[in-house]
Structures are given as structure tokens and as C-alpha cells.
Amino acid sequence: MISDRHAPSQQSYGTAYQQMLEKVRYEGAYPTRERADEVVRLVLAGLGRQLTGDERVDLAACLPLEAARVLTAQIPDPQPLTGWAFVKDLAARSGASLATTRWDTGSVFSAVAAHAGPELTTRILHQLPSGYALLFGQAELTPAA
């Protein structure tokens with residue numbers, strides 16, 4: 001029997017990434033896994049441009065390999081965007097409406113938070129500018145004056 005273990009794969013994603021795509025597909029009510037994959041890649045690339053340091057490394061370690069590659073392939077922007085500016089930037093890159101992009105972002109961030117867990121998600125939200133908590137499906141807490 002000849003082993004094809006080392007043969008290049010043809011869009012055959014790892015099981016963990018397929019499960020992530022199914023979660024995003026379900027959460028976002030996308031018609032196909034391919035559409036969910038497009039959305040995951042767009043949003044994770046955007047997050048990769050925002051996240052730095054230990055949070056970036058730790059998140060990449062939690063995500064399925066294919067998702068981690070999309071996240072870490074991006075060079076972080078020197079000036080991070082607020083949550084709303086992040087959505088506007090993704091909408092401009094994808095050509096989608098702001099409402100659709102906001103929906104896409106929430107669908108992907110829900111899956112990201114599930115992989116990261118509450119402690120890492122909190123650390124990520126503390127690093128990012130305001131506006132991301134709502135995108136992650138959490139309340140936006142502001143410090144008391």
C-alpha cells in the first residue's frame with residue numbers, strides 16, 4: 001500500500017478547521033462552507049492586522065492551523081482600529097455592506113472566542129481599542145471616571 005500522507009492536500013482542511021467553519025456557517029447562517037471560509041479568512045486577516053504580542057501568539061496557538069496561518073500572515077498595523085473602524089475597513093476590502101460585514105465579524109469572533117476561551121478573549125479585548133467587545137458578543141465595559 002502506498003501512503004499519500006505526504007501528498008499535498010487539495011483544499012482538504014483539518015478536522016478542527018472544518019469544525020470551526022461549520023460553527024461559523026451555523027452562527028452566520030451562511031449557505032455554504034465555502035462562504036463561511038471566505039468570511040473566516042477576511043475577518044481573521046483583519047484581526048491579524050490589529051493584534052500583537054502575547055495575545056496574538058496565544059490566539060494563534062488556540063486556533064486550528066489553517067485559521068492561525070491566516071491570522072499570523074498579517075503584519076500588524078502600527079495604529080490599531082477601533083471596533084467600528086475595523087468593520088468599515090473590512091467592508092471596504094470585501095465590497096460588502098457595513099451591516100453584512102458587522103454580521104460576518106460577529107459570526108467569526110464567536111468562533112474565535114470559543115477557541116480562545118474566556119481568559120484569553122478578555123486579554124485580547126483589553127489589548128484592542130474600544131468597540132471590539134460587542135463584536136465578540138460581550139458587553140462593552142467602560143472604566144468609571
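Readers should treat all values here as calculations from the given coordinates under stated rules, not as data from a laboratory. Everything numeric here is computed off the predicted structure, so don't read it as measured data. When we count neighbours, we look across all protein chains shown, and the Cβ atoms used for this are built from the backbone with ideal geometry, even at glycine.
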Using the C-alpha gyration tensor of region 19-65, what are the square roots of 5 times its eigenvalues, in whole angstrom, with the largest one first?
23, 11, 7
Here, GluC sites (Glu not before Pro) of region 62-145 satisfying both criteria (DSSP loop; at most 15 other Cβ within 10 Å) are Glu140
Cα long-axis angle, helix 83-94 against the chain (0 to 90 degrees, to the nearest 10):
40
Taking the chain as the reference, fit the longest principal axis to its C-alpha atoms, fit the long axis of helix 15-28 to the helix C-alpha atoms, and give the angle between the two in degrees, 0 to 90, nearest 10.
50
Beyond 23 Å, the calculated P(r) of the chain holds a percent of Cα-Cα pairs equal to 33
Comparing Gln79, Gln18, Gln50 in a Gaussian network model of the chain (Cα, 10 Å), the one with the largest mean-square fluctuation is Gln79
Summing -39500 (n - 2.57) over every DSSP H run of at least 4 residues in the chain and dividing by its residue count gives a helix-only mean residue ellipticity at 222 nm, to the nearest 500 deg cm²/dmol, of -20500 deg cm²/dmol
Nitroxide proxy distance, nm - points 7 Å out along Cα→Cβ at Arg69 and Ala99
3.6
Please compute the contact order of the chain in relative form: average sequence separation of alpha-carbon pairs under 8 Å and at least six residues apart, divided by the residue count, as a percent.
25
In degrees rounded to 10, the 0-90 angle between helix 33-48 Cα long axis and the longest Cα principal axis of the chain is 50
Stretched fully, the stretch from Ala45 through Glu119 gains (0.36 nm per residue minus C-alpha distance, one decimal, in nm) 24.4 nm
What's the extension gain from Ala85 to Asp58 if we count 0.36 nm per residue and subtract their Cα-Cα distance?
7.3 nm
